[in-house]
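These notes concern the structure reproduced below.
The values are calculated or read from the model by the stated rules, or taken from the named source; none is laboratory data. Because the structure is predicted, anything quoted here is derived from the model rather than measured. Because the Cβ atoms are built from the backbone with ideal geometry, glycine has one as well, and the counts that use them run over all protein chains shown. To get the accessible areas, we keep the full protein, side chains included, count just its heavy atoms, and leave off ligands, DNA and RNA. Shrake-Rupley method; radii C 1.70, N 1.55, O 1.52, S 1.80 Å.
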Amino acid sequence: MFSDGVIAIIITLMVLEIKLPAFTSDNVHDVIRHVGVYALSFIVIGILWLNHNAMFEQLEKVNASIVWLNFLLLFFMSLIPLPTEALGLDFFSSQSHVFYGVVMTLNAAAYSTLQLVVNKNLTHIPEKNRRDVNKLNWICTALYAISIPLSLISIYIPTGIFILIPAIYFIPSKKLSPNRL
């Protein structure tokens, strides 16, 4: 329940921090882009929350490592509103994409590490399923990580990566969807 409360506060802060420009016929694209960035971050947080809950539902026992890794994940999640605001305000800046990529990489790495430790305690789940989930988590982490230097080349490649990773969650396959053990 603590994690649910923290995640709810993170989403609330993100909503409060969104600063949309005044809506005029001249800046329709700016407003849509800003809302799109917010929606992307909202979806990422939602997926993290769903996977987090699914992960913890299967756990019978929580140890200190899991608690501290969970705190680390929640900390990195609490940073998501910052690059969301930066990317929404200055989408065409490579620095905004770098910032978003760094924070998402930290979130993905924290989640992947937490999942790895939790999976060691899920002996009732077949080893292959646990390996597949861990593999996909680390692939997504690596994609977020490579978005950082790619942001300096073009903002469109990391934007594609930022959209691709949450889209993977919606692929209707137990094998490909993260945390579907």
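Just one residue in the set F99, F92 is surrounded by 20 or more Cβ atoms within 10 Å (Cβ to Cβ) and out of contact with any Ser or Thr (no Cβ under 8 Å at 6 or more places or on another chain); that residue is F99.
Within region 106-124, the presence of at least one residue that is within 25 Å of K19 (Cα to Cα) and modelled with pLDDT of 95 or more is confirmed. Scanning region 3-13 for residues that are modelled with pLDDT of 80 or more and either open to solvent by 70 Å² or more (accessible area, probe 1.4 Å) or more than 14 Å from M77 (Cα to Cα) (or both) gives a single hit, I9.
Candidates in region 14-73 are the residues that are under 23 Å from the mean Cα position of the chain (by Cα) and of a type in the set (F, W, Y); of these, the one that is most open to solvent (accessible area, probe 1.4 Å) is W68.
Quick check on D132: is it touching a Leu at 6+ places or on another chain (Cβ under 9 Å) and acidic (D, E)? Don't jump to the end; show me each part of the working.
Values: touching a Leu at 6+ places or on another chain (Cβ under 9 Å): yes; acidic (D, E): yes.
Yes.
Taking every residue in region 31-46 that is in contact (Cβ under 8 Å) with a residue 40 or more places away in the chain and over 12 Å from L87 (Cα atoms) and pairing it with any residue that is open to solvent by less than 20 Å² (accessible area, probe 1.4 Å) and part of a helix (DSSP H, G or I), at least 6 positions away or on another chain, the pairs with Cβ-Cβ distances below 7 Å are I43/P166; V44/P166.
The number of residues in region 120-164 that are closer than 27 Å to E57 by Cβ, surrounded by 15 or more Cβ atoms within 10 Å (Cβ to Cβ) and touching a residue at least 40 places away in the same chain (Cβ under 8 Å) comes to 9.
I'd like to check something: does region 150-160 contain any residue that is part of a helix (DSSP H, G or I), at pLDDT 95 or above and either of a type in the set (A, V, I, L, M) or on the phi > 0 side of the Ramachandran plot (or both)? Looking through region 150-160, at least one residue is part of a helix (DSSP H, G or I), at pLDDT 95 or above and either of a type in the set (A, V, I, L, M) or on the phi > 0 side of the Ramachandran plot (or both). Taking region 26-52 as the range and being polar (S, T, N, Q) and within 17 Å of I163 (Cβ to Cβ) as the test, only S41 passes. Set side by side, the residues L50, L59, L20 differ, and just one is in contact with a His (Cβ under 8 Å, 6 or more places away or on another chain) and of a type outside the set (V, I, T), which is L20.
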